[in-house]
Amino acid sequence: MTRRRLIVTATALVIAAAGTPAASAAAESAHPANLPLGAANLTETRSTTTLARGITLTHIVRGMTPADPDEINTTDQGPWVVNQLTIDPHLARGHLQATYGKDIAGGESVSDLVASSRGLIGTNASFFTYTASKDYPGDPVGLGVYGGKLLSEPTNDPAEQDVVFDGRSGAMTFGHTTWTGKAVDKRTGAAADLDGVDHPPAVPAGCSANTKCDLPGQTEWITTEFGARTPVGQGREVVLGRNGCVIRSTASRGASLAKGQVAIQATGSDATALALLAGRRACFTLRQTLTDEAGAPVRLTRSTYGVNGRYRLTADGAIVAPSGTGSMFDRNPRTIFGRTADGKISLITVDGRMTSSVGTTIAETATVAQSLGLVDAVNLDGGGSTTLATPAGALNTPSGSGGTQRLVGDALVWVP
């Protein structure tokens, strides 16, 4: 009971601060369909709080006995702590958005991302580089679309399952997206194939510093949203002005961009090709296509957002989660993003790796999504990233040290 009161109090404070009536009814309810987790005779409690018109938060606890630390991955006694945020886009006044904060390269807590968006509540979202890049830890690993701007392209990994959504209408498209991009000279039509947007281009392993390298490299389109400086390193960088025309070309990477400027960076043999292409009179434009799983083009408007996940959980009401082994498929904290049959948006967090909540496998995560009404759902980044938060702090218990929030690459935030 103590934890439930804390959740209601923190939420009510945020709503009051935002000037929204703090109408919160947190009553215990006996739900006819318990979560399909663990032994059938486990005790399960639920409480639902109305955060605002058309927005509710349901707190579920299944199993009351703390787990043995050695049995977290195997016990059928739980416990499990699950939070479900439900948004009815036909009733709620506002919009759902994906936000990365001040720049793509860095990381911020979910609370800070909610606060900087002037949002009410949110969860973590995409998979991001985290420990893979100490310099750019927030860089998304996969699709990232923010207010119609594609700032990270999807990977070629079929495990990546994206969600593209309209922040105002709530319309959602699920599945693996595909991207192509070119930097095209407006005058001549000559083009450089792009490997991506707003990522450091990989330097071929056989290239040594300060020497010409004929090994295949990468070419990236870098915007001011990436960070205070473009990625630093070996290769060539061409900076374009507001009109897309070349204002400087250097035999190394790493520069500060003024508002409206863009950089093209290349490594390996791509750097040589870029130097030849980007003459003094060259002016470039970005031509890109994003297509959905069916091959249809995705139209990017100001209300279009997109985030990446790993593994589809449900599709058209059926469980489609793959089977597998390894840490990704073991019990972990989870974040789920999906929709119900009647068009409601749902964000779910499952606490994990703790004696107070053991977490779920991929298979268990899919059953949770289905049982909570998600006909289409994707597994977002989880583990230590799993966070449900308001500007005042986390409403769940992140699995990081002392329950502190991990800095994440982006978040899904409801903005009144």
Practice problem: Select from segment 248-276 the residues that are of a type in the set (Val, Ile, Thr) and surrounded by fewer than 24 Cβ atoms within 10 Å (Cβ to Cβ) and write down the one among them that is nearest to Ala192 (Cα to Cα). | Solution: Thr272
Practice problem: Name, by its number, the condition in (1) within 20 Å of Gly306 (Cβ to Cβ); (2) touching a Lys or Arg at 6+ places or on another chain (Cβ under 6 Å) that does not hold for Thr173. | Solution: (2)
Quiz item: Which residue pairs have Cβ atoms closer than 8 Å, lie 6 or more positions apart in sequence or on different chains, and pair a first residue in segment 146-165 that is among the aromatic types (Phe, Trp, Tyr) with a second residue that is surrounded by fewer than 16 Cβ atoms within 10 Å (Cβ to Cβ)?
Solution: Phe165/Ala171
Self-check item: Sole residue being in a loop (DSSP other than H, G, I, E, B), in the same structural domain as Leu395 (by TED's automatic domain parsing) and surrounded by 19 or more Cβ atoms within 10 Å (Cβ to Cβ), chosen from Pro154, Pro158
Solution: Pro154
Quiz item: Name the residues in segment 260-297 that are assigned to a loop (DSSP other than H, G, I, E, B) and either within 21 Å of Asp185 (Cα to Cα) or more than 27 Å from the chain's Cα centre (by Cα) (or both), would you?
Solution: Gly260, Gln261, Thr267, Gly268, Ala278, Gly279, Arg280, Arg281, Ala282
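This table checks each residue for (1) crowded, with 24+ Cβ neighbours inside 10 Å; (2) within 25 Å of Gly175 (Cβ to Cβ); (3) hydroxyl-bearing (Ser, Thr, Tyr).
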site	(1), (2), (3)
Gly101	no, no, no
Leu113	yes, no, no
Ile121	yes, no, no
Thr131	no, no, yes
Exercise. Test each condition in (1) more than 18 Å from Gln161 (Cβ to Cβ); (2) of a type in the set (A, V, I, L, M, F, W, C); (3) surrounded by fewer than 17 Cβ atoms within 10 Å (Cβ to Cβ); (4) out of contact with any strand residue (DSSP E or B) (no Cβ under 7 Å at 6 or more places or on another chain) for Ala363 and report the one that comes out false.
Key: (1)
Self-check item: Residue list for segment 277-311, filter: acidic (Asp, Glu) and buried (at least 16 other Cβ atoms within 10 Å of the Cβ)
Solution: Asp292
Quiz prompt | Unique residue being over 15 Å from the mean Cα position of the chain (by Cα), hydrophobic (A, V, I, L, M, F, W, C) and surrounded by fewer than 20 Cβ atoms within 10 Å (Cβ to Cβ) when the list is Ile55, Ile72 | solution = Ile72
Quiz item: Is it true that some residue in segment 196-204 is in a loop (DSSP other than H, G, I, E, B), out of contact with any strand residue (DSSP E or B) (no Cβ under 9 Å at 6 or more places or on another chain) and either in contact (Cβ under 8 Å) with a residue 12 or more places away in the chain or buried (at least 17 other Cβ atoms within 10 Å of the Cβ) (or both)?
Solution: yes
Self-check item: Residues of segment 118-146 that turn out to be touching a strand residue (DSSP E or B) at 6+ places or on another chain (Cβ under 8 Å) and not in a loop (DSSP other than H, G, I, E, B), as a count
Solution: 9
Quiz item: Of the residues that make up segment 134-147, is at least one among the aliphatic types (A, V, I, L, M) and over 11 Å from the mean Cα position of the chain (by Cα)?
Solution: no
Self-check item: Unmet requirement for Val239, which otherwise passes all of (1) out of contact with any Ser or Thr (no Cβ under 7 Å at 6 or more places or on another chain); (2) assigned to a loop (DSSP other than H, G, I, E, B); (3) among the aliphatic types (A, V, I, L, M); (4) surrounded by 14 or more Cβ atoms within 10 Å (Cβ to Cβ)
Solution: (2)
Quiz prompt | segment 373-382 - residue that is in contact with a Ser or Thr (Cβ under 7 Å, 6 or more places away or on another chain) and of a type outside the set (S, T, N, Q) and, of those, surrounded by the most Cβ atoms within 10 Å (Cβ to Cβ) | solution = Ala377
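The values are calculated or read from the model by the stated rules, or taken from the named source; none is laboratory data. What you see is a predicted model, and the numbers here were worked out from it, not measured in a lab. All Cβ positions, even for glycine, are placed from backbone atoms using ideal geometry, and neighbour counts span all protein chains on display.
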